[in-house]
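A.B. asks: A single structure is presented below for examination.
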Amino acid sequence: MEEVYMSDQLENAIDFLEQAAIYHKDNNFSHRFKWVCISLHGALYGFAVNSVGGTNPIERILKNTNKKTNKWHLLNLMEILDLCQDPELIQVVNGKALKLTNYQEKAIKRLNEYRNDFSHFGANGYSIIGSLDCVVSPVLEIIRFLAIESNNILYFSDQKQRVEQALSSLESSVKK
C-alpha cells in the first residue's frame, strides 16, 4: 500500500512546534540542543509566514532577485519577521503586528545562527556552552504572539488546540 503525505505551511509550523516540545523535554537525548533549535526555528519561521501570508502567501514570501531571468528566492527568517512588524501588511480584522524587544531580537539572531550552524556546518566539531532556555523562552513569546495573540492565523479542526498544547508544554518545560 502506498503512503500519502500531505501538509501545508500551517501544518508544517505546528509540527515543528510539537517536535520542539518533544525534544525540549528529553534532557537525556544527546542531540537535544540541535533539534530544539532546528524545530523552534522552523516553528518561528512557519508561524511568521502564516501570520503575514494573507490570501496569497506566495507573493509575500518570495522575492524576485533578478528581473531579467525572473529568478525568485524564499525570504529568510529575518525578512519574514520584518514583514510581521509592518501593520500595513496585516489583512485580518483585529489582527496585530509584531513588536520585538531587544531581548527577543537577540534570541532570534542566536537561534538563527545555531540553526544555520547545525544545518550547514562542515567537517568540523561544534560545541556550545550555555543555556538553551535563554533562546527558547523569548522565541516562545514571539511564537505565542504570532500563532495565538496576533489573530492573523485561521485554524481548522484541532490545529489551534495543538498549538496551545505544544506552547504550554514548552513553557512548562522551560520553567523547570
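The values are calculated or read from the model by the stated rules, or taken from the named source; none is laboratory data. Quick caveat, the model's predicted, so the values are computed rather than measured. Note: ideal-geometry Cβ built from the backbone for every residue, glycine included; neighbour counts use all protein chains shown. For accessibility, only protein heavy atoms count, side chains too; no ligands or nucleic acids. Shrake-Rupley method; radii C 1.70, N 1.55, O 1.52, S 1.80 Å.
A.B. asks: Can you name the condition, by its number, that residue 35 falls short on among (1) more than 19 Å from the chain's Cα centre (by Cα); (2) within 26 Å of residue 135 (Cβ to Cβ)?
C.D. replies: Only one criterion in (1) more than 19 Å from the chain's Cα centre (by Cα); (2) within 26 Å of residue 135 (Cβ to Cβ) is unmet by residue 35, namely (1).
A.B. asks: So, in region 148-163, how many residues would count as being surrounded by fewer than 19 Cβ atoms within 10 Å (Cβ to Cβ) and in a loop (DSSP other than H, G, I, E, B)?
C.D. replies: 6
One line per residue, one yes/no per condition, for (1) modelled with pLDDT under 95; (2) not in a loop (DSSP other than H, G, I, E, B):
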{"position": "69", "(1), (2)": "yes, no"}
{"position": "99", "(1), (2)": "no, no"}
{"position": "110", "(1), (2)": "yes, yes"}
{"position": "141", "(1), (2)": "no, yes"}
{"position": "146", "(1), (2)": "no, yes"}
{"position": "165", "(1), (2)": "no, yes"}
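A.B. asks: Within region 167-176, can you find the residues that are more than 21 Å from residue 81 (Cβ to Cβ) and either assigned to a loop (DSSP other than H, G, I, E, B) or free of Cβ contacts under 8 Å to residues at least 40 places away in the same chain (or both)?
C.D. replies: If the condition is that a residue be more than 21 Å from residue 81 (Cβ to Cβ) and either assigned to a loop (DSSP other than H, G, I, E, B) or free of Cβ contacts under 8 Å to residues at least 40 places away in the same chain (or both), then 168, 172, 175, 176 are the ones that fit.
A.B. asks: So which of 47, 33 is touching a residue at least 40 places away in the same chain (Cβ under 8 Å) and either acidic (Asp, Glu) or open to solvent by 10 Å² or more (accessible area, probe 1.4 Å) (or both)?
C.D. replies: Answer to the selection: 33.
A.B. asks: Go through region 141-164 and report how many residues are without any contact (Cβ under 8 Å) to a residue 40 or more places away in the chain and either within 19 Å of residue 23 (Cβ to Cβ) or acidic (Asp, Glu) (or both).
C.D. replies: Here the count works out to 4.
A.B. asks: Would you check if residue 132 is open to solvent by less than 60 Å² (accessible area, probe 1.4 Å), at pLDDT below 90 and in contact with a Gly (Cβ under 9 Å, 6 or more places away or on another chain)?
C.D. replies: Answer is no for this residue.
Residues are listed down the side, and each one gets a yes or a no for (1) open to solvent by 60 Å² or more (accessible area, probe 1.4 Å); (2) at pLDDT 95 or above; (3) closer than 21 Å to residue 133 by Cβ:
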position	(1), (2), (3)
25	yes, no, yes
40	no, yes, yes
53	no, no, no
63	yes, no, no
73	yes, no, no
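A.B. asks: Let me ask something else. Taking the conditions exactly as written (under 17 Å from residue 13 (Cβ atoms), β-branched (Val, Ile, Thr) and surrounded by 22 or more Cβ atoms within 10 Å (Cβ to Cβ)), does residue 92 satisfy them or not?
C.D. replies: The answer is no for residue 92.
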